[in-house]
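Asker: Okay, handing you the structure first.
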């Protein structure tokens with residue numbers, strides 16, 4: 001199997017006819033209970049027994065790894081499940097080095113736990129960016145993951161961003177043994193998101209210049225939309241009350257979409273496909289898109305990502321038009337994108353299965 005052969009996960013559930021607002025936390029809680037209530041109960045009992053897991057989130061950059069794991073935590077147990085982003089981890093460690101107490105604690109930990117080709121002093125220089133002669137090594141990444149997990153006793157972890165390179169694949173197979181902290185189950189979570197979805201997520205995203213809240217002109221509209229007579233373009237107005245309807249702007253370079261990260265996406269795909277071939281490791285398969293001609297059979301209409309377009313009314317106001325967003329998947333098949341909670345239904349159900357619950 002390769003990523004383009006992932007089966008469509010059926011979220012449509014017999015007997016569940018209510019339409020839920022998946023953007024509302026309270027409605028989303030009822031949605032998860034309706035769709036995967038028995039699995040949530042089993043997972044909660046599992047965590048209460050002090051059992052955990054290590055799950056590797058594998059997917060292209062901007063495929064939603066952090067969003068899916070956080071929704072999983074919301075639906076099951078925020079205290080006993082955590083998300084560990086390796087990219088954030090390196091940045092957080094860098095910041096902690098500015099505090100004498102946390103700096104001393106990290107140095108002491110590295111002295112006792114780091115095995116590699118640099119001294120502890122050289123390793124600190126690598127983290128702080130003073131040594132540009134080499135990238136942060138896989139050995140150091142392992143030590144930093146171990147350091148972070150030492151502060152999270154008996155917490156199930158979704159690891160986001162590892163393996164990040166082909167030479168780290170072997171480490172991922174035996175991570176729990178290498179770091180010496182875990183003896184609980186581990187598994188891979190494969191996330192298939194078409195390039196076209198990632199491209200439009202980037203191309204149309206905008207940010208409020210005041211509160212920095214992100215939105216997307218095509219995929220996540222605000223309540224009020226403006227029209228620029230000079231450029232003949234529609235724009236979003238920030239919903240945050242204190243921003244007084246400030247115009248939201250794209251980040252420089254976003255108009256290029258995936259082009260600046262295409263090489264990164266190709267590496268991610270290579271790692272993804274290599275790990276798909278492995279045996280002996282349980283796998284969870286998540287798919288963000290569903291072919292248009294299969295949508296009615298597999299999903300409910302409110303689970304589809306809405307797309308937004310705009311028309312200028314004669315009085316100068318803007319009319320917002322909402323309908324399901326369609327894209328071509330990586331096989332060229334006309335498809336709908338799923339909202340994150342619908343994907344997480346598959347994550348919850350399959351996680352319970354691989355844990356034997």
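The values are calculated or read from the model by the stated rules, or taken from the named source; none is laboratory data. A quick note: this is a predicted structure, and the numbers were derived from the prediction, not measured. With ideal geometry, Cβ positions are generated from the backbone for all residues, glycine too; neighbour counts draw on all protein chains shown.
Asker: Condition first: farther than 30 Å from residue 21 by Cβ and either assigned to a strand (DSSP E or B) or touching a residue at least 40 places away in the same chain (Cβ under 8 Å) (or both). Now tell me which residues in segment 271-322 satisfy that.
Answerer: Listed by number, the residues that qualify are 271, 272, 273, 274, 275, 276, 278, 281, 282, 283, 316.
Asker: Looking at 146, 176, can you tell me which residue is at negative phi, part of a helix (DSSP H, G or I), crowded, with 16+ Cβ neighbours inside 10 Å and at pLDDT below 60?
Answerer: 176
Asker: Further question: Please work out if residue 216 is surrounded by fewer than 19 Cβ atoms within 10 Å (Cβ to Cβ), modelled with pLDDT of 85 or more and farther than 20 Å from residue 50 by Cβ.
Answerer: The answer is no for residue 216.
Asker: Can you go through 343, 281 and tell me which one is buried (at least 20 other Cβ atoms within 10 Å of the Cβ) and touching a strand residue (DSSP E or B) at 6+ places or on another chain (Cβ under 7 Å)?
Answerer: That would be 343, the only listed residue that is buried (at least 20 other Cβ atoms within 10 Å of the Cβ) and touching a strand residue (DSSP E or B) at 6+ places or on another chain (Cβ under 7 Å).
Asker: When the residues of segment 4-15 are filtered to those that are part of a loop (DSSP other than H, G, I, E, B) and in contact (Cβ under 8 Å) with a residue 60 or more places away in the chain, which remaining residue is surrounded by the fewest Cβ atoms within 10 Å (Cβ to Cβ)?
Answerer: Among them, the one singled out is 7.
Asker: Of everything in segment 219-255, what is touching a residue at least 40 places away in the same chain (Cβ under 8 Å), surrounded by fewer than 16 Cβ atoms within 10 Å (Cβ to Cβ) and under 23 Å from the mean Cα position of the chain (by Cα)? Give them in sequence order.
Answerer: 251, 255 - these are the residues of segment 219-255 that are touching a residue at least 40 places away in the same chain (Cβ under 8 Å), surrounded by fewer than 16 Cβ atoms within 10 Å (Cβ to Cβ) and under 23 Å from the mean Cα position of the chain (by Cα).
Asker: Right, residue 43: at pLDDT 90 or above and under 22 Å from the mean Cα position of the chain (by Cα) or not?
Answerer: So residue 43 passes the test.
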